[in-house]
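Remarks on the structure that follows.
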Amino acid sequence: MNTPSKKLNIAVAGSGGREHAILRKLRQSPRAGTIYALPGNGGIARDGIPCVNISPANTPAFTAWCLDNAVDFVVVTPDNPLAAGLVDALSEKGILAFGPVREAAKLEWSKAYAKNMMRQNNIPTADYAVFTGCGAALEYAKSAPYPLVVKADGLALGKGVVICGTYETAEDAIRGAMEGGRFGESGKTIVLEEYLCGPEVSVLSFCDGKTIVPMVSSMDHKRELDGDLGDNTGGMGAIAPNPFYTEEIARECYETIFLPTLRMTQKAGTPFKGCLYFGLMLTSDGPKVIEYNCRFGDPETQAVLPLLESDLLEIMLACAEGRLTPDMVKFRDGACACLVLASNGYPRKFDVGFTISGLEDAEKLLRPSNGAFSGEVYCAGVRYGGRVPAAISGKLYTSGGRVLGISAAAADLQTALSACYAAAGNIKWRGIYYRRDIGQCAFDKKTP
């Protein structure tokens, strides 16, 4: 176990806005030594954090680099490296890591496995059936109630779920996954699932294998267009806490979903350590699990972590070392919002390489002298030009679909949202796009 006085060299795996938020929170810890991002992005480099161009999907190279550079602790957040066993590989080399081992992460990388485990352990979830053959799946879909949800079993970059209103759309989704290779190997097995109605809630939780501590609830906005129209995305914004997630519902979820899930992983011989994400639907029959993710969500992280008052590094170490207690985790009162600024055309085809301007003005606005709110701009699909870091060149360019996330925390949600949108008005690039109704359902009091 690490001694309390030792400063730790830390590596964070990933390159998105979620990782940028985690990195900034880790830097606040007195125990943080040198912190690296692998591979990071231009905005992270702008913060003066060393970015190393090694993909966390390259397990041997990533592990070797950590050994060569005396890294004490690694935070693994992307799903693919977890599914590939990066935490296992680091552990074999004696490097402590925050995140589940491969078999524990199966709750995310195999939807069929997760659904079967929930059924066996009486954890409330939507009714479903699993198929490995296209003909049987199509036959089931003919008599299934609609809407029907078609899910690829494996990881599909958040694009492996199709909500089908008719048999014709279900047939297209099933054939596309199982015969057309739409999701590669991830779609060879599919889950056909009952469509659930109600407010959707995301609850991230810290776990150390035997203790689970939920974080502040949040609400993601996955559709690309206002009014929750258009295609699903990785997330266009989030608010925390979720206005539909009451204290009574939170207690029910803890007793009927969170604790049973942790016990389920223990029973299976894969006790979960890291961040376990519960995607929930608050149905008329009570809360039900839509999905598990085995890492921090994006953009939920950017709406939840600004409210965390405790030392994130100490919490993560406690999770990895099996000594987590509820009193280690404290969140401030109030609310936080995150607004995602995207490239026009996302989540389909979009252009990149445009100069980002107004970032400094936005950051200045998010730090008012009266303390009415506080905010951050987190970088995701961002690169710097030339051979010098962004902190020197001063120029950042778009390099992805979701480019920036603006987060603001305040005493109330309306103030937080207003700060996000005011800051967004300062930022420019060719083809910038963002939703104008993030969090609106909290005021309309109706299900998004």
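Assorted remarks:
- Near the amide H of Tyr36, within less than 5 Å, lie the amide hydrogens of Ile10, Ala11, Val12, all on another chain or at least 5 residues away, with H placed in the peptide plane.
- Local electrostatic count, Gly33, Cβ distance below 12 Å [Lys/Arg +1, Asp/Glu -1]: +3
- Counting DSSP beta bridges with both ends in the chain, the antiparallel % (nearest 5): 80
- Dipole magnitude (debye, nearest 20) for segment 133-188, charges at Cβ of Lys, Arg, Asp, Glu: 140
- Percentage relative contact order, segment 77-217, counting C-alpha pairs under 8 Å, at least six apart: 21
- FRET efficiency for the Cys197 to Ser374 pair, using the beta carbon distance and R₀ = 51 Å, is estimated at 0.90.
- Residue-wise HN-Hα coupling along segment 423-433, computed from phi with Karplus coefficients 6.51, -1.76, 1.60 (Hz; x: Gly, Pro): 5, 4, x, 8, 9, 9, 6, 5, x, 5, 8
- Judged by the mean number of other Cβ atoms found within 10 Å, the most tightly packed of the peptides 252-261, 398-407 leads the ranking 398-407, 252-261.
- Amide H contacts of Glu224: Asp231, Thr233, each under 5 Å away and 5 or more positions distant or on a separate chain (H built 1.01 Å from N in the peptide plane; Pro and chain starts excluded).
- Positive-pole candidate from Val289, Val213, Ala410, dipole of the chain, charges at beta carbon: Ala410
- Other-chain or far-sequence residues with amide H under 5 Å of Val403's (modelled H): Leu341, Ala342, Ser343, Gly381
- Across segment 181-196, rounded Karplus estimates of 3J(HN,Hα) from the backbone phi angles (6.51 cos²θ - 1.76 cosθ + 1.60, θ = phi - 60°) give x, 4, 10, x, 5, 4, x, 5, 10, 10, 10, 9, 10, 4, 7, 9 Hz, Gly and Pro being marked x.
- Extension gain from Lys364 to Arg323, taking 0.36 nm per residue of separation minus the Cα-Cα distance: 10.8 nm
- Only the Cβ atoms of Lys and Arg (+1) and of Asp and Glu (-1) were treated as charged; on that basis the dipole of the chain about its Cα centre amounts to roughly 1000 debye.
- R0 of 22 Å, Cβ-Cβ distance Arg175-Tyr140: FRET efficiency to nearest 0.05: 0.95
- With θ taken as phi - 60° and the Karplus curve 6.51 cos²θ - 1.76 cosθ + 1.60 applied, the whole-hertz 3J(HN,Hα) list for segment 296-301 is 4, x, 9, x, 4, 4 Hz, x standing for glycine and proline.
- Shape of the chain, Cα gyration tensor, a/c cut at 1.5: rounded
- Taken as Cα centroids, segment 266-307 and segment 45-93 sit 23 Å apart, rounded to the nearest whole angstrom.
- Taking 21 Å as the limit for the C-alpha separation, the pairs Lys210/Lys330; Lys222/Lys395; Lys6/Lys273; Lys111/Lys222; Lys93/Lys330; Lys111/Lys267 exceed it in the case of Lys222/Lys395; Lys6/Lys273; Lys93/Lys330.
No lab work stands behind these numbers, since they all come straight from the coordinates. The structure displayed is predicted, hence computed values, not measured ones. FYI the Cβ positions are ideal-geometry reconstructions off the backbone, even for glycines, and counts take in every protein chain you see.
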